[in-house]
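Peer 1: Starting off with a structure, shown below.
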Amino acid sequence: MKVSVRVRGEWFAVPCTRSSTTIRFVGEEALRKYQKLRPQSSHVSGREEKIYQIRKTKGGAILDPDDQVNHVLDDNDFVSVVLETDKPNPVTAPAEIHYVPEQVPGKFKIPSEYFTLDGYNLIPDDLLKLGKGMYKIKLSQESQARINRSREMLERILKENKVAYGVNTGFGKFATTVISEEKIIELQENLIRSHSAGVGTPLSPEKTRMLMALRINVLAKGFSGISLETLNRVINAFNASCLPWVPEKGTVGASGDLAPLAHLALGLIGEGKMWSPESGWGEAKYVLESHNLKPISLGAKEGIALLNGTQLITSIGAEAVQRAEIIAKQADVVAALSLEVLKGTTRAFDGDIQKVRPHRGQSRVAYRLRSLLHSDTHPSEMAESHRFCNRVQDAYTLRCCPQVHGIVHDTIEFVRDIITTEMNSATDNPLVFVEREEIISGGNFHGEYPAKALDYLAIGVHELGSMSERRTERLINPALSGLPAFLVKDGGLNSGLMIPHCTAAALVSENKVLCHPASVDSLPTSAGTEDHVSMGGFAARKALTVVENVERVIAIELLAATQAIEFLRPLKTTQPLEAVYSVVRSVVKPLDKDRFIAPDIDAITELLRDGKIWDAVFPHMERYKAEQGVETRPSSPTTSSTHSSQNTYCYRKRRHASNNSNGYSTDGFANSYDSDEEFSLKVNGDDYPHKLPKFGAMKLSRSLFVVDE
């Protein structure tokens, strides 16, 4: 039995060969090893070190020194020793971490299911699932065959003493320096060590898993010349969730993400820091050893194969675009709810308006809004309550949702296509082409594609937040909403949602700065050899930050919109929007008086990130699609018509020659109707059953136009 023991950030393997070995012995033996091997900077001359506590690393439970090891610990378990002198310097040093917390939410379990990678079919959603630890990884048989053929060809070139960049030459400015055969392995190791120069906060376990998974996928294509044995060791580390320390800053996005990927490779060769759910942070070689894994022993070209590519940009970008898609769909839903409580009209979402400006995203958003708001399928008492108001037009943040939200959806679709292509591309250098029996140095490592796309994503998604913040302002402003100021009773005594709106404004303003494109900048590196770079690492990080900020801004709007509903009761909105209200109320109660509001924002943000709002409305939207035979066009002061205001009309869409400018035949209108019973519309000889909303004894006295939906 063996236990890994941490003393002041250093890990020591302590064998426990006797069944009577106690926790006290383990701690004292680790301290002895520490004093023997201690870093010079950590020692104070003449000071005697004494053990204060011994804790389990995972969870921090205090261990009784007299307990036998085999009674309280498992083989390869982790413990931390706290010394009596472990006191932080309040000025120059951080507090000594007495134990290493689990650092992942809940209990992380190694998955049992496998996800097969082949280098050609990975999509952002799958990458996020791999990042969350939902699957282990294995390679397809075809991929393994390609990898073996590529490595065999590279070995033949070495045996023939041919010169190939990155195989037996230096890198960058040293590309013309030929390296002797006996130093080829040292060349690869030096490359990883020297390029591990990143700074900043390490990537989270989830992001590191995504980075590893994406690098494995690229190597699985079989154009890198890496050996199957080496790649399998990377996969084994991923499957055990042994994750190297990868600082988030330091890449210029050409030649690829060198510094982050070098840190990833550094841990895999047993150097630097590494994390696992069982060990927390420790020396990479000890973390690997505790999981019965061996560090990678590099062969020719394998160093550069591990660290040359755009996987940091692309993995963060994949998360950004996936989360952007989730929040964008729900932004449409939240906008619909805000329009409902602000007593707006649906007529701006008329299908004909979208057809004369036929952008795909615009039409999709307009249809989505129609399916959520008042219709024959989903009638709304709130909408009917202001049918005869005198408002001629709604504000742009309500009326122009299809036009503004629409381009965001189209932007996300465009970026998703580029990111998905990049995820399945060979982006290292040089590339091994087995069929041609050539190793070719090119430029696929340049990150301009994902960098430009992610800058565009940030600019697009920002508009969702910009629109949302303005709608929140309308909700809390009594001059614009007709509702109590800041949506709370006893204003003055209570501040209500005054400051949540300030938070939304702050986030939108921050996003305006973050939307400045990183990829418009370039600084030459490597003594002018790399004379144009993408700055894609920052483009990816700030795009994700913009998406995160937008999630919170829309959460604040949803908080305000559901609170506004409380002042419109007992009226009901449509079934899909009532479903939204119910989901929000499952985590946030109505605001009767002031309370600590930040947890409410966090709770609704989590609902949005998990897609719960979309899940709530989707069945109702599907019902609308199945049942709504014609588009409901309620009477509204935002429209003008030459038809009699006392009659109800319907016409069926017919795209054929017509005397009317809109291309529709208008012969055969329905007769006047003023009850709430079902009736049959006879149009051009055909009968079309139609049912108006039933709200008690409500009578419709103004015109209602409907067309095929």
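The values are calculated or read from the model by the stated rules, or taken from the named source; none is laboratory data. On a predicted model such as this, the values are computed, not experimentally measured, just so you know. In this analysis, Cβ positions are derived from the backbone assuming ideal geometry, glycine residues included, and neighbour counts consider all displayed protein chains. These area figures cover heavy atoms from the full protein model, side chains too; ligands, DNA and RNA do not enter into them. Shrake-Rupley method; radii C 1.70, N 1.55, O 1.52, S 1.80 Å.
Peer 1: Look through region 538-562, keep the residues that are of a type in the set (D, E) and within 19 Å of the chain's Cα centre (by Cα), and return whichever of them is surrounded by the fewest Cβ atoms within 10 Å (Cβ to Cβ).
Peer 2: For region 538-562, the residue satisfying everything is E548.
Peer 1: A follow-up question, please. Would you say K109 is outside any strand (DSSP E or B), outside the structural domain of S279 (by the TED database) and of a type in the set (K, R)?
Peer 2: yes
Peer 1: Out of all the residues in region 622-641, which are touching a His at 6+ places or on another chain (Cβ under 9 Å) and either under 25 Å from F388 (Cα atoms) or open to solvent by 40 Å² or more (accessible area, probe 1.4 Å) (or both)?
Peer 2: R623, Q628, G629, V630, T632, P634
Peer 1: Exactly one condition in (1) assigned to a loop (DSSP other than H, G, I, E, B); (2) more than 19 Å from P637 (Cα to Cα); (3) open to solvent by less than 30 Å² (accessible area, probe 1.4 Å); (4) among the charged types (D, E, K, R) is false for R387; which is it?
Peer 2: (2)
Peer 1: How many residues, within region 576-628, are outside any helix (DSSP H, G or I) and either without any contact (Cβ under 8 Å) to a residue 12 or more places away in the chain or on the phi < 0 side of the Ramachandran plot (or both)?
Peer 2: 14
Peer 1: Quick one: which helices (runs of 4 or more DSSP H) sit completely within region 222-311 and have at least 1 residues that are farther than 30 Å from E181 by Cβ and in contact (Cβ under 8 Å) with a residue 24 or more places away in the chain?
Peer 2: Hits in region 222-311: 228-239, 258-268, 284-290.
Peer 1: Every residue in region 455-488 that is within 25 Å of K589 (Cα to Cα), in contact with a Lys or Arg (Cβ under 8 Å, 6 or more places away or on another chain) and open to solvent by 10 Å² or more (accessible area, probe 1.4 Å), please.
Peer 2: Once the filter is applied, which keeps residues that are within 25 Å of K589 (Cα to Cα), in contact with a Lys or Arg (Cβ under 8 Å, 6 or more places away or on another chain) and open to solvent by 10 Å² or more (accessible area, probe 1.4 Å), region 455-488 yields L480, S481, G482.
Peer 1: Among (1) buried (at least 22 other Cβ atoms within 10 Å of the Cβ); (2) over 18 Å from the mean Cα position of the chain (by Cα); (3) not aliphatic (A, V, I, L, M), where does S509 come up short?
Peer 2: Only one criterion is unmet by S509, namely (1).
Peer 1: Among the residues of region 195-216, count how many are part of a strand (DSSP E or B) and either in contact with a Lys or Arg (Cβ under 7 Å, 6 or more places away or on another chain) or among the polar types (S, T, N, Q) (or both).
Peer 2: 3
Peer 1: Can you confirm whether L117 is surrounded by 13 or more Cβ atoms within 10 Å (Cβ to Cβ), at pLDDT 90 or above and closer than 26 Å to W245 by Cβ?
Peer 2: Considered against the rule, which asks whether it is surrounded by 13 or more Cβ atoms within 10 Å (Cβ to Cβ), at pLDDT 90 or above and closer than 26 Å to W245 by Cβ, L117 comes out as yes.
Peer 1: To continue, here is another question. Looking at region 248-259, is at least one residue open to solvent by 10 Å² or more (accessible area, probe 1.4 Å), over 25 Å from E319 (Cα atoms) and among the β-branched types (V, I, T)?
Peer 2: no
Peer 1: Against the definition (in a loop (DSSP other than H, G, I, E, B), open to solvent by 60 Å² or more (accessible area, probe 1.4 Å) and of a type in the set (K, R)), how does R569 come out, yes or no?
Peer 2: Considered against the rule, which asks whether it is in a loop (DSSP other than H, G, I, E, B), open to solvent by 60 Å² or more (accessible area, probe 1.4 Å) and of a type in the set (K, R), R569 comes out as yes.
Peer 1: Can you confirm whether region 10-29 contains a residue that is under 43 Å from the mean Cα position of the chain (by Cα) and at pLDDT below 85?
Peer 2: Scanning region 10-29 turns up at least one residue that is under 43 Å from the mean Cα position of the chain (by Cα) and at pLDDT below 85.
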